[in-house]
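Undergrad: Handing you this structure, nothing more for now.
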């Protein structure tokens, strides 16, 4: 029957398309640190282009290891990590800087340079990646405008509030137009109102097409956003909900086998 | 590489060199390079002296009395055929006496006491390689009709041995001082790496290449090496001119190098060495302290 073959072909093309759309793919990835601590244990997962994903779980569950694998700050002891079509495990060390231009990170402690102004901090990320010097000014100001801090471009980090500092660090992360934004507890040091401001900003960046992965302990934010939630515990994925809450509730969510 | 990037490297390197260098480290670099340069000057002068002396080293082969002109010609041919001989000149009895008179100067009267010319006919032999003077002299002395040879036995060997010893000792000391310079520059750069750990961390995070991170440190090392070498070069140039004036006043017969060119060339070499050592130190140490 020619019709059956057609359906099969369509299915196969669809399957392939899905694979192509996977921005991030982890194939049975394990990371055991030299001291014996387990970062991740046999993790298989994927993240699609344009997704907004929360990583939750207790401290030491493997959230940070997960993120550090994507920027090749650590290498897995086993398995393969594919980011945007590139095998992170097998790439040459000289390719790593280019991976990190596409996968940017923000942190709980912002990691801003205290002796540089907000503007200089953002421009620094462009300069050290050898961006066209003529575009630096426009791109930095665009970025600062997006995070709502164009008026404080000349302020030093010490003169800014925690929330403002995080905004500067987000501006620095997005100024290079990354494909993926990793946020490791970005609201960890901020009060709830400021945190929501940051979340709105991250959502806006996500809507522009950047995939956002955020590790957090903030229950109300996760519950309020209703986005995909990957829960880690002891290095394993114990839950992966498309529209999940911070904690798994009875009868809610799908439990994946380790 | 963009011009702006090159400018960034130079500016960063220069700034951190200025921020982290101390008088002690710069002084030590300059002093080490000064000692290196001084050693090189001493070696250059010794070499100069030995070359002058070597040019003068000749073997004189005295001939037996009463040889026929054909016999003398045969001996000349044999000497000429000896391995390592560059040039042979005949010095007759009379010529020899005249030269001796010239050398004795006011004491020439002593020769009149002797009366008859006591000198035999002789050949002056110039050798190709001063190192082999003794060997060539021994061969010539075995030629029949040669009474004996004279080439300042012992002195040549001693001079050459001294030169070699000074050369080896100089090389060892020089190696130590090179190591000292590299170490001091490396240590200064280590301070920079530590003081800028955060900046380096951010650079890595946003995707700066390793070479981009490393270049400012190379520049810093080169700046340190260059400044140290410039100081030592100036001191060396001035010091050498003073020393030359002193020596020529004290002992004018010692043939020191007085032309400014070789000394200037040495100073330029010192500058290049300073830059090179700084760059090597910068490259090696940064690689060690920058864990990607």
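None of the figures in this text is laboratory data; all of them are computed from the coordinates on show. No experiment lies behind these values; they were computed from the predicted model shown. Because the Cβ atoms are built from the backbone with ideal geometry, glycine has one as well, and the counts that use them run over all protein chains shown.
Undergrad: Which of the peptides A:74-84, B:107-117 is most tightly packed, and how do the rest follow, judged by the mean count of other Cβ atoms within 10 Å per residue?
TA: Values: A:74-84: 17.2, B:107-117: 9.5.
So the peptides A:74-84, B:107-117, ranked by packing, come out A:74-84, B:107-117.
Undergrad: Who wins for biggest fluctuation among A:73, A:108, A:135 in a Gaussian network model of chain A, springs between alpha carbons below 10 Å?
TA: A:135
Undergrad: Could you check the spin-label model distance between residue A:86 and residue A:243? Points 7 Å from the Cα along Cα→Cβ, value in nm.
TA: A separation of 3.5 nm, rounded to one decimal place.
Undergrad: Can you figure out the FRET efficiency of residue A:10 with residue A:49, using R₀ = 22 Å and their beta-carbon distance, to the nearest 0.05? Kindly include the intermediate steps, with their values, before the conclusion.
TA: On the way: r = 21 Å, r/R0 = 0.97.
So, using R0 = 22 Å, E works out to roughly 0.55.
Undergrad: Report the calculated FRET efficiency for residue A:35 and residue A:156 (r = Cβ-Cβ distance, R0 = 56 Å), to the nearest 0.05. Don't skip to the end; give the middle numbers.
TA: Values: r = 38 Å, r/R0 = 0.68.
Efficiency for this residue pair is about 0.90.
Undergrad: Oh, and also: Using only Cα atoms, find the angle between the long axis of helix A:133-146 and the longest principal axis of chain A, and express it within 0 to 90 degrees, rounded to the nearest 10.
TA: Result, in degrees: 80.
Undergrad: For a quick check: sort A:111, A:31 by the number of other beta carbons within 10 angstrom, fewest at the front.
TA: Ranking A:111, A:31 by Cβ neighbours within 10 Å, fewest first, gives A:111, A:31.
Undergrad: While we're here: The stretch B:116-152 to the stretch B:199-221: how many Å between their Cα centroids?
TA: If we compute the Cα centre of each part, the gap is 69 Å.
Undergrad: Apply 1/(1 + (r/R0)^6) to the Cβ-Cβ distance of residue B:245 and residue B:100, taking R0 = 35 Å, and write down the FRET efficiency to the nearest 0.05. Mind showing how you got there, number by number?
TA: Numbers: r = 36 Å, r/R0 = 1.04.
The calculated FRET efficiency here is 0.45.
Undergrad: Further, regarding this structure: At a threshold of 8 angstrom on Cα-Cα distance, excluding pairs fewer than six apart, so keeping six or more, what relative contact order does chain B reach in percent? If you can, show how the numbers build up before the last one.
TA: Working: 350 pairs, mean separation 90.2, N = 292.
The normalised contact order for chain B reaches 31 percent.
Undergrad: On a 0 to 90° scale, report how tilted helix B:197-206 is relative to the longest principal axis of chain B, with both axes built from alpha carbons and the result rounded to the nearest 10.
TA: The angle comes out near 70 degrees.
Undergrad: Obtain the nm distance between the two label points defined at residue B:169 and residue B:49 by a simple spin-label model: each point lies 7 Å from its Cα along the Cα-to-C-beta direction.
TA: Result for the modelled spin labels: 1.2 nm.
Undergrad: Further question: So what's the gap between the Cα centers of the stretch A:102-161 and the stretch B:1-76, to the nearest angstrom?
TA: So the two Cα centres are separated by 54 Å.
Undergrad: If neighbour count is taken as other Cβ atoms inside 10 Å, put A:109, B:210 in order from fewest to most.
TA: Details: A:109 13, B:210 17.
If I rank by nearby Cβ atoms, fewest first, I get A:109, B:210.
Undergrad: To continue, here is another question. Once you keep just the Cα pairs under 8 angstrom separated by 6 or more residues, what percentage relative contact order results for chain A?
TA: Values: 457 pairs, mean separation 61.5, N = 258.
Averaging sequence separation for qualifying contacts and normalising by length gives 24 percent for chain A.
Undergrad: If I model a spin label as a point 7 Å beyond the Cα along the Cα-Cβ vector, how far apart are those points for residue B:142 and residue B:211 in nm?
TA: Placing both labels 7 Å along Cα→Cβ, they lie 6.3 nm apart.
Undergrad: Subtract the Cα-Cα distance of residue A:192 and residue A:219 from 0.36 nm times their separation in residues, and report this length gain in nm to one decimal. Intermediate results must be reported in sequence, preceding the final value.
TA: Values: separation 27, 0.36 × 27 = 9.72 nm, distance 1.08 nm.
Net length gain for the segment: 8.6 nm.
Undergrad: For the stretch A:17-75 and the stretch B:251-292, what is the centre-to-centre distance using only Cα atoms, to the nearest Å?
TA: 52 Å
Undergrad: Place the peptides A:118-124, A:206-212, A:230-236 in order of packing, highest mean first, counting for every residue the other Cβ atoms within 10 Å and averaging per peptide.
TA: On the way: A:118-124: 24.4, A:206-212: 16.3, A:230-236: 20.4.
In decreasing order of mean packing, A:118-124, A:206-212, A:230-236 become A:118-124, A:230-236, A:206-212.
Undergrad: Hey, what number do you get for chain B at 222 nm if only DSSP H runs of n ≥ 4 count, each worth -39500 (n - 2.57), divided across all residues, to the nearest 500? Don't jump to the answer; show the numbers that get you there.
TA: Details: 10 runs with 214 residues, N = 292.
One gets -25500 deg cm²/dmol as the mean residue ellipticity at 222 nm.
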